[in-house]
Amino acid sequence: TDVGTILGELYRLIQERQKERPEGSYTTYLFEKGLDKILKKVGEETSEVIIAAKNENAGELIYEVSDLLYHLLVLLVEQKVTLSEIASELVGRRK
């Protein structure tokens, strides 16, 4: 499966969770705790990605990058930044 498709689907699911706030959802928990908690998780996951890469453990790196991407998507939804805006920025950098 294409990573872009998966990220888009996950972004939309996170948006739904932000609106609906289903009980027991980890995403709901993050939104209820607010920006400081979301940023703390982004920082923690970034550190874990660094450690996994340093340990040269591909499985661990894949796991931690997946966690980081999820938390970054939560941050983007919280800040009302779309994946299209991110894509436009990246396209602009290719020049």
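The values are calculated or read from the model by the stated rules, or taken from the named source; none is laboratory data. Just so we're clear, the structure is a prediction, and the values are computed from it rather than from any experiment. So basically every Cβ, Gly included, is an ideal-geometry build from the backbone, and we count neighbours across all protein chains shown. Heads up: the accessible areas ignore ligands, DNA and RNA and are worked out on the full protein's heavy atoms, side chains in. Shrake-Rupley method; radii C 1.70, N 1.55, O 1.52, S 1.80 Å.
Looking only at residues that are more than 18 Å from residue 70 (Cβ to Cβ) and polar (S, T, N, Q) in the range 43-58, which one is modelled with the highest pLDDT?
55
Looking only at the range 19-36, count every residue that is open to solvent by less than 50 Å² (accessible area, probe 1.4 Å) and not aliphatic (A, V, I, L, M) and tell me the total.
6
Restricted to the range 1-29, and to residues that are assigned to a helix (DSSP H, G or I) and in contact with a Lys or Arg (Cβ under 6 Å, 6 or more places away or on another chain), which residue is nearest to residue 76 (Cα to Cα)?
The residue in question is 27.
Take the residues in the range 46-88 that are of a type in the set (Gly, Ala, Ser) and farther than 20 Å from residue 13 by Cβ; name whichever of them is surrounded by the fewest Cβ atoms within 10 Å (Cβ to Cβ).
Filtering the range 46-88 for residues that are of a type in the set (Gly, Ala, Ser) and farther than 20 Å from residue 13 by Cβ, the one surrounded by the fewest Cβ atoms within 10 Å (Cβ to Cβ) comes out as 59.
Pairs under 6 Å by beta carbon, first residue closer than 14 Å to residue 34 by Cα and part of a helix (DSSP H, G or I) in the range 73-85, partner among the polar types (S, T, N, Q) and open to solvent by 40 Å² or more (accessible area, probe 1.4 Å), six or more apart or different chains?
From residues that are closer than 14 Å to residue 34 by Cα and part of a helix (DSSP H, G or I), the pairs are 77/15; 77/18.
Can you give me the number of residues within the range 1-52 that are polar (S, T, N, Q), closer than 24 Å to residue 87 by Cβ and free of Cβ contacts under 8 Å to residues at least 60 places away in the same chain?
4
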